[in-house]
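There's a structure below that I have some questions on.
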Amino acid sequence: AAEAAAEAAAAATAERLHGMSRDHGCAVLSANPYFEPLPVEEGRPVQEDSHADGKVERLYRSGRCEVLYATGTRKDVLPSGLQTVFFCNGDVKQTATSRRVVYYHAEAETTHVSEPDGTQLYHFPNGQVERHFADGLKEIVFADGSLKVILPSGEVHEQVGAAGPLGV
(Lines give C-alpha, C1' and ligand atoms only; values in the text may rest on other atoms or scores of the structure.)
Protein backbone atom coordinates (compact mmCIF):
# COMPACT_ATOMS: atom_id res chain seq x y z
CA ALA A 1 0.00 0.00 0.00
CA ALA A 2 2.86 2.39 0.84
CA GLU A 3 4.50 1.65 -2.54
CA ALA A 4 1.25 2.37 -4.39
CA ALA A 5 0.83 5.64 -2.48
CA ALA A 6 4.41 6.67 -3.31
CA GLU A 7 3.83 5.86 -6.99
CA ALA A 8 0.60 7.86 -7.00
CA ALA A 9 2.27 10.87 -5.32
CA ALA A 10 5.19 10.76 -7.75
CA ALA A 11 2.80 10.51 -10.70
CA ALA A 12 0.80 13.50 -9.42
CA THR A 13 3.99 15.57 -9.10
CA ALA A 14 5.08 14.64 -12.63
CA GLU A 15 1.63 15.51 -13.99
CA ARG A 16 1.63 18.90 -12.24
CA LEU A 17 5.11 19.80 -13.51
CA HIS A 18 4.27 18.44 -16.97
CA GLY A 19 1.18 20.63 -17.23
CA MET A 20 3.25 23.76 -16.53
CA SER A 21 5.60 23.09 -19.47
CA ARG A 22 3.11 21.61 -21.95
CA ASP A 23 1.69 24.90 -23.23
CA HIS A 24 5.09 26.56 -23.52
CA GLY A 25 6.62 23.57 -25.33
CA CYS A 26 3.81 23.40 -27.88
CA ALA A 27 4.12 27.15 -28.50
CA VAL A 28 7.86 26.75 -29.18
CA LEU A 29 7.23 23.94 -31.67
CA SER A 30 4.54 25.83 -33.58
CA ALA A 31 6.50 29.11 -33.71
CA ASN A 32 9.91 27.64 -34.61
CA PRO A 33 10.29 26.48 -38.24
CA TYR A 34 13.25 24.23 -37.41
CA PHE A 35 11.08 21.79 -35.44
CA GLU A 36 8.88 19.09 -36.94
CA PRO A 37 5.33 19.40 -35.60
CA LEU A 38 3.88 16.85 -33.21
CA PRO A 39 0.37 15.43 -33.59
CA VAL A 40 -2.43 17.10 -31.68
CA GLU A 41 -3.56 15.55 -28.41
CA GLU A 42 -5.14 12.16 -29.01
CA GLY A 43 -7.42 11.85 -26.03
CA ARG A 44 -6.84 9.36 -23.27
CA PRO A 45 -3.91 6.95 -23.43
CA VAL A 46 -4.61 3.27 -24.12
CA GLN A 47 -1.99 2.29 -21.54
CA GLU A 48 -0.42 4.11 -18.61
CA ASP A 49 2.31 2.86 -16.31
CA SER A 50 3.50 4.70 -13.17
CA HIS A 51 6.89 3.95 -11.62
CA ALA A 52 8.15 4.44 -8.06
CA ASP A 53 10.68 7.06 -9.23
CA GLY A 54 7.83 9.28 -10.43
CA LYS A 55 8.14 8.44 -14.10
CA VAL A 56 4.85 7.96 -15.95
CA GLU A 57 4.73 6.28 -19.36
CA ARG A 58 1.69 6.67 -21.58
CA LEU A 59 0.99 4.89 -24.85
CA TYR A 60 -1.56 6.31 -27.28
CA ARG A 61 -3.60 4.65 -30.01
CA SER A 62 -1.37 6.22 -32.71
CA GLY A 63 1.70 4.51 -31.23
CA ARG A 64 3.02 7.74 -29.71
CA CYS A 65 4.69 7.21 -26.35
CA GLU A 66 4.80 10.01 -23.78
CA VAL A 67 7.13 9.80 -20.81
CA LEU A 68 6.66 12.21 -17.90
CA TYR A 69 9.52 12.53 -15.44
CA ALA A 70 9.22 13.68 -11.82
CA THR A 71 11.48 16.64 -12.69
CA GLY A 72 8.84 18.06 -15.04
CA THR A 73 10.63 16.93 -18.19
CA ARG A 74 8.45 15.30 -20.83
CA LYS A 75 9.54 13.13 -23.76
CA ASP A 76 7.38 12.29 -26.77
CA VAL A 77 8.42 9.44 -29.05
CA LEU A 78 6.51 8.99 -32.31
CA PRO A 79 6.24 5.68 -34.18
CA SER A 80 8.45 7.28 -36.88
CA GLY A 81 11.25 7.51 -34.29
CA LEU A 82 11.07 11.31 -33.91
CA GLN A 83 11.85 12.16 -30.26
CA THR A 84 11.01 15.49 -28.65
CA VAL A 85 12.03 16.38 -25.10
CA PHE A 86 10.46 19.32 -23.26
CA PHE A 87 12.64 20.38 -20.33
CA CYS A 88 11.19 22.12 -17.27
CA ASN A 89 13.39 25.20 -17.92
CA GLY A 90 11.61 25.75 -21.27
CA ASP A 91 14.31 24.20 -23.47
CA VAL A 92 13.16 21.82 -26.22
CA LYS A 93 15.26 19.15 -27.97
CA GLN A 94 14.09 17.22 -31.00
CA THR A 95 16.01 14.32 -32.55
CA ALA A 96 14.98 12.91 -35.92
CA THR A 97 15.83 9.43 -37.19
CA SER A 98 18.13 11.17 -39.69
CA ARG A 99 20.24 12.18 -36.63
CA ARG A 100 19.30 15.86 -37.13
CA VAL A 101 19.05 17.50 -33.71
CA VAL A 102 17.23 20.77 -33.04
CA TYR A 103 17.72 22.37 -29.62
CA TYR A 104 15.91 25.51 -28.51
CA HIS A 105 17.59 27.32 -25.60
CA ALA A 106 14.67 29.10 -23.93
CA GLU A 107 16.63 31.53 -21.76
CA ALA A 108 18.73 32.75 -24.70
CA GLU A 109 15.83 32.36 -27.20
CA THR A 110 18.33 30.72 -29.54
CA THR A 111 17.90 27.68 -31.77
CA HIS A 112 20.83 25.35 -32.51
CA VAL A 113 20.48 22.80 -35.31
CA SER A 114 23.05 20.00 -35.68
CA GLU A 115 22.92 18.29 -39.06
CA PRO A 116 24.21 14.73 -39.58
CA ASP A 117 26.99 16.04 -41.87
CA GLY A 118 28.43 18.14 -39.03
CA THR A 119 26.92 21.45 -40.10
CA GLN A 120 25.83 23.59 -37.14
CA LEU A 121 23.18 26.32 -37.54
CA TYR A 122 22.52 28.98 -34.90
CA HIS A 123 19.47 31.27 -35.06
CA PHE A 124 19.56 34.16 -32.60
CA PRO A 125 16.57 36.24 -31.42
CA ASN A 126 17.94 39.38 -33.13
CA GLY A 127 17.59 37.65 -36.52
CA GLN A 128 21.25 36.75 -36.93
CA VAL A 129 21.81 33.31 -38.44
CA GLU A 130 25.14 31.50 -38.45
CA ARG A 131 26.03 28.32 -40.27
CA HIS A 132 29.27 26.57 -39.31
CA PHE A 133 30.40 23.83 -41.69
CA ALA A 134 32.49 20.79 -40.78
CA ASP A 135 35.38 22.03 -42.95
CA GLY A 136 35.67 25.24 -40.85
CA LEU A 137 33.78 27.57 -43.21
CA LYS A 138 31.39 29.94 -41.40
CA GLU A 139 28.57 32.01 -42.91
CA ILE A 140 26.95 34.71 -40.81
CA VAL A 141 23.88 36.59 -42.00
CA PHE A 142 23.08 39.59 -39.82
CA ALA A 143 19.57 40.94 -39.23
CA ASP A 144 20.21 43.81 -41.69
CA GLY A 145 21.03 41.30 -44.45
CA SER A 146 24.80 41.82 -44.28
CA LEU A 147 26.83 38.71 -44.91
CA LYS A 148 30.15 37.67 -43.42
CA VAL A 149 31.98 34.59 -44.63
CA ILE A 150 34.94 33.28 -42.66
CA LEU A 151 37.03 30.81 -44.64
CA PRO A 152 38.79 27.89 -42.93
CA SER A 153 42.04 29.83 -43.41
CA GLY A 154 40.64 32.66 -41.26
CA GLU A 155 40.21 35.01 -44.23
CA VAL A 156 37.09 37.15 -43.83
CA HIS A 157 34.77 38.35 -46.62
CA GLU A 158 31.96 40.79 -45.89
CA GLN A 159 29.09 42.06 -47.99
CA VAL A 160 26.89 44.83 -46.60
CA GLY A 161 23.14 44.51 -47.10
CA ALA A 162 23.47 41.29 -49.09
CA ALA A 163 20.77 38.68 -49.18
CA GLY A 164 22.64 35.76 -47.71
CA PRO A 165 22.75 32.22 -49.10
CA LEU A 166 21.15 30.91 -45.92
CA GLY A 167 17.79 32.32 -46.98
CA VAL A 168 16.37 31.80 -43.51
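Quick one: length gained pulling residue 108 to residue 89 fully straight, 0.36 nm per residue minus the C-alpha distance?
5.7 nm
I would also like to ask the following. Can you figure out the FRET efficiency of residue 135 with residue 80, using R₀ = 35 Å and their beta-carbon distance, to the nearest 0.05?
Computed FRET efficiency for residue 135 and residue 80: 0.65.
Extending each Cα 7 Å along its Cβ direction at residue 53 and residue 151, get the distance between those two points in nm, one decimal.
Each label point lies 7 Å from its Cα, and together they span 5.2 nm.
Under a point spin-label approximation (7 Å from Cα along Cα-to-Cβ), what is the residue 128-residue 61 distance to one decimal in nm?
Simple spin-label model gives 4.9 nm for this pair.
Over the stretch 71-157, average the accessible area per residue using a 1.4 Å probe and give it in Å², no decimals.
50 Å²
Provide the descending list of Cα extents for the stretch 55-168 along its principal axes, expressed in whole angstroms.
Largest first, the stretch 55-168 extends 52, 27, 22 Å along its Cα principal axes.
May I ask you to derive the FRET efficiency for residue 44 and residue 115 from their Cβ-Cβ distance with R0 = 45 Å, giving the value to the nearest 0.05?
Approximately 0.75, to the nearest 0.05.
In whole Hz, what ³J(HN,Hα) sequence does the stretch 87-104 give by Karplus (6.51, -1.76, 1.60; θ = phi - 60°), x for Gly and Pro?
My calculation for the stretch 87-104 gives 8, 5, 8, x, 5, 9, 10, 10, 10, 8, 5, 6, 6, 6, 10, 10, 10, 9 Hz in order.
Ok, one more. Any chance you could tell me what percent of the C-alpha pair distances in the stretch 36-90 go past 15 Å?
Across the stretch 36-90, Cα pairs with separations above 15 Å total 48 percent.
Computed FRET efficiency, Cβ-Cβ of residue 158 and residue 97, R0 30 Å: what is it to the nearest 0.05?
The computed FRET efficiency comes out at 0.20.
The values are calculated or read from the model by the stated rules, or taken from the named source; none is laboratory data. If you're wondering where the values come from, they're calculated on a predicted model, not measured in any experiment. Here the Cβ is made from the backbone with ideal geometry for all residues, glycine too, and neighbour counts use every protein chain on show. When the accessible area is computed, the model is the full protein with side chains, heavy atoms only, and any ligands, DNA or RNA have been set aside. Shrake-Rupley method; radii C 1.70, N 1.55, O 1.52, S 1.80 Å.
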